[in-house]
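Visitor: Could you have a look at this structure, given as structure tokens, before my questions?
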Amino acid sequence: MSQVRVRFAPSPTGYLHVGNARTAVLNWLFARHTHGKFVLRIEDTDLERSTEEFHLELLEDLDWLGLDWDEGPDKGGEFGPYRQSERLQVYREHAQRLMDEGHAFRCYCSAEEIKTKSDEAIRLGKSTNYDGTCYDLTTDRIQKFENEGRKQAIRFRVPEGVISFRDVVHDEVAFDSESISDFVILRADGIATYNFAAAIDDSLMKISHVVRGEDHLSNTPKQMLIYNALGLPLPAFVHIPMILGKDRSKLSKRHGDNQVRQYREKGYLPEAMINFLSLLSWSSPTGDELLSVDRLIGEFDLERLSKAAAIFDTEKFNWMNGWYLRNAEFDRMVNLSVPILKNAGLDVSDRRFVEKCLEAVISRVDYLQQLPEQCAIFFSQEVKYENESAIKSQSSKKIFKQFLCETNNLSGWNAEVFRDTMK
Ligand code: GLU
């Protein structure tokens, strides 16, 4: 196999979603496993929804996860620029070539006209595909449209036939071209659409494997049509299953946090997140679940990707993160905890004291933002009881007496002995 080149191609229209992060993780693991290249491409052709803030946040989240890229907007590389908004000329040239060779055509139909025709087709139970109005425009017609001030988009002319390909996860996939309308590749404002830009870039950036979410499976035949029309070699396609919530519905806000930064801010560890995300539709041949990044890189293999939808199980993630917290280098945990405790208004000036607090409670937290609550008792002068009357009752007094007796007889004190005695 020639060098593996994979890409992560997010649109900076929001914060990094865990589903996209999983796509990034799998691409990155594959690149590192094969000593290939991991390319970051920013798909910001949706000028209204893409923002610089989201772009920077994306880079920050990827950086926090430790997913370093070999080529990208800030790094450069042989096949740049890596921001689609800087590649418009490349798309226009390819669109022109498609027109020159009869694979694409100018279309002057307005959005309203298209919608009216499509509504009518639905009413009559007919296909809503583009009806070919602008297929063979005469110069006069074009002139007329131009005089009317109409704007031209460029559409791809979908040929008849079946478009099939082999997907690494889904095996043989076929689409009848009847289900694909002549689609716009350059909008009237001159901006390339996703399918066109993605196909051109994947090809020009020499991407060997397109690894992305299954929601893009139905885009693949359109992209293949572009490859074929331009005579470009095809990459391998790898469509990974969707991530569902525990109730098996599409992961959404309803299921809780779904952005990487939310987990970052709550005090999850990046290595725990990489481990957890990598196991959404992939598994180690050993069956082990706690896998360091090095082990993941060593073991990752496309063949072990599953076809079944992956379940985002927050409890499992919490369990895993708890394990990483307890097993991480203690000094690092203290450094991460100090600002969290400080933000919660606790006095962290005595580092030794913070260390002792952390030692006492680290095994009880799933993520670091739970620390202030767990540690509060060590920082307050006054103890507040949840149920004061029960604590002060006669039977409680007996228990406390017994407890004191037991502790007097102890030879050594540590967290474990204390816990057992308490029990
Ligand atoms: N920008 C697209 C997305 O974020 C990329 C899809 C692809 O990987 O081709 O969904």
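The values are calculated or read from the model by the stated rules, or taken from the named source; none is laboratory data. Keep in mind the model is a prediction, meaning the values are calculated, not measured. Positions of Cβ are generated from backbone atoms using ideal geometry, with glycine treated the same way; all protein chains shown enter the neighbour counts. For accessibility, only protein heavy atoms count, side chains too; no ligands or nucleic acids. Shrake-Rupley method; radii C 1.70, N 1.55, O 1.52, S 1.80 Å.
Table: residues versus (1) touching a strand residue (DSSP E or B) at 6+ places or on another chain (Cβ under 6 Å); (2) open to solvent by 40 Å² or more (accessible area, probe 1.4 Å).
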position: Arg7; (1), (2): yes, no
position: Tyr15; (1), (2): yes, yes
position: Ala21; (1), (2): no, no
position: Leu29; (1), (2): no, no
position: His35; (1), (2): no, yes
position: Leu40; (1), (2): yes, no
position: Glu48; (1), (2): no, yes
position: Leu59; (1), (2): no, no
position: Asp63; (1), (2): no, yes
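Visitor: Condition (residue is more than 12 Å from the ligand (Cβ to nearest atom), open to solvent by 30 Å² or more (accessible area, probe 1.4 Å), of a type in the set (Gly, Ala, Ser) and modelled with pLDDT of 95 or more) applied to segment 237-250: is it met by at least one residue?
Guide: Looking for residues that are more than 12 Å from the ligand (Cβ to nearest atom), open to solvent by 30 Å² or more (accessible area, probe 1.4 Å), of a type in the set (Gly, Ala, Ser) and modelled with pLDDT of 95 or more, one finds none in segment 237-250, hence no.
Visitor: Name the pairs whose Cβ atoms lie under 9 Å apart, with the first residue in segment 400-423 and over 20 Å from Ala390 (Cα atoms), the second among the charged types (D, E, K, R) and open to solvent by 80 Å² or more (accessible area, probe 1.4 Å), and 6 or more positions between them or separate chains?
Guide: The qualifying pairs are Ala415/Glu359; Thr421/Glu406.
Visitor: Inside segment 86-130, can you point out the residues that are crowded, with 18+ Cβ neighbours inside 10 Å and among the hydroxyl-bearing types (Ser, Thr, Tyr)?
Guide: Passing the criteria: Tyr91, Tyr108, Tyr130.
Visitor: Out of segment 69-78, which residues are farther than 17 Å from Val211 by Cβ and open to solvent by 40 Å² or more (accessible area, probe 1.4 Å)?
Guide: Pro73, Asp74, Lys75, Gly77, Glu78
Visitor: Further question: Quick check on segment 1-16: of everything there that is more than 9 Å from the ligand (Cβ to nearest atom) and over 23 Å from Gly76 (Cβ atoms), which residue is modelled with the lowest pLDDT?
Guide: Here the answer is Met1.
Visitor: Which of the residues belonging to segment 154-172 are open to solvent by 20 Å² or more (accessible area, probe 1.4 Å), part of a strand (DSSP E or B) and touching a helix residue (DSSP H, G or I) at 6+ places or on another chain (Cβ under 9 Å)?
Guide: Listed by number, the residues that qualify are Val162, Ser164.
Visitor: Scan segment 202-225 and report the pairs whose first residue is without any contact (Cβ under 8 Å) to a residue 60 or more places away in the chain and under 21 Å from Trp28 (Cβ atoms) and whose second residue is away from the ligand (no atom under 12 Å from the Cβ) and open to solvent by 10 Å² or more (accessible area, probe 1.4 Å), with Cβ atoms within less than 7 Å and a gap of 6+ or a chain change.
Guide: Glu214/Met242; Asp215/Met242
Visitor: Hey, among Asp46, Asp63, which residue is out of contact with any helix residue (DSSP H, G or I) (no Cβ under 7 Å at 6 or more places or on another chain), within 13 Å of the ligand (Cβ to nearest atom) and over 20 Å from Phe300 (Cβ atoms)?
Guide: Of the residues listed, the single one that is out of contact with any helix residue (DSSP H, G or I) (no Cβ under 7 Å at 6 or more places or on another chain), within 13 Å of the ligand (Cβ to nearest atom) and over 20 Å from Phe300 (Cβ atoms) is Asp46.
Visitor: So Ser218 passes all but one of these: (1) of a type in the set (S, T, N, Q); (2) within 13 Å of the ligand (Cβ to nearest atom); (3) surrounded by 23 or more Cβ atoms within 10 Å (Cβ to Cβ). Which condition number does it fail?
Guide: (3)
Visitor: On the basis of being within 14 Å of the ligand (Cβ to nearest atom) and open to solvent by 30 Å² or more (accessible area, probe 1.4 Å), does Tyr227 make the cut?
Guide: no
Visitor: Given the conditions (1) touching a residue at least 24 places away in the same chain (Cβ under 8 Å); (2) farther than 30 Å from Trp282 by Cβ, which single one is not true for Gln89?
Guide: (1)
Visitor: Quick one: in segment 341-392, which of the residues that are among the aromatic types (Phe, Trp, Tyr) and open to solvent by less than 50 Å² (accessible area, probe 1.4 Å) is nearest to Arg326 (Cα to Cα)?
Guide: Looking at residues that are among the aromatic types (Phe, Trp, Tyr) and open to solvent by less than 50 Å² (accessible area, probe 1.4 Å), I get Tyr367.
Visitor: All but one of (1) of a type in the set (S, T, N, Q); (2) away from the ligand (no atom under 16 Å from the Cβ); (3) touching a residue at least 60 places away in the same chain (Cβ under 8 Å) hold for Thr193; which doesn't?
Guide: Here Thr193 clears every test but (2).
Visitor: Moving on. Applying the selection to segment 80-97, what residues are outside any helix (DSSP H, G or I) and in contact with an Asp or Glu (Cβ under 8 Å, 6 or more places away or on another chain)?
Guide: Residues satisfying the conditions are Gly80, Tyr82, Arg83, Arg87.
Yes or no, residue by residue, for (1) touching a residue at least 24 places away in the same chain (Cβ under 8 Å); (2) farther than 17 Å from Val25 by Cβ:
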position: Asn275; (1), (2): yes, no
position: Val293; (1), (2): yes, no
position: Asp301; (1), (2): yes, no
position: Ala310; (1), (2): yes, no
position: Phe330; (1), (2): yes, yes
position: Ala344; (1), (2): yes, yes
position: Val348; (1), (2): no, yes
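Visitor: Name the residue, out of Arg22, Arg32, that is more than 13 Å from the ligand (Cβ to nearest atom), in a helix (DSSP H, G or I) and on the phi < 0 side of the Ramachandran plot.
Guide: Being more than 13 Å from the ligand (Cβ to nearest atom), in a helix (DSSP H, G or I) and on the phi < 0 side of the Ramachandran plot holds for just one of Arg22, Arg32, which is Arg32.
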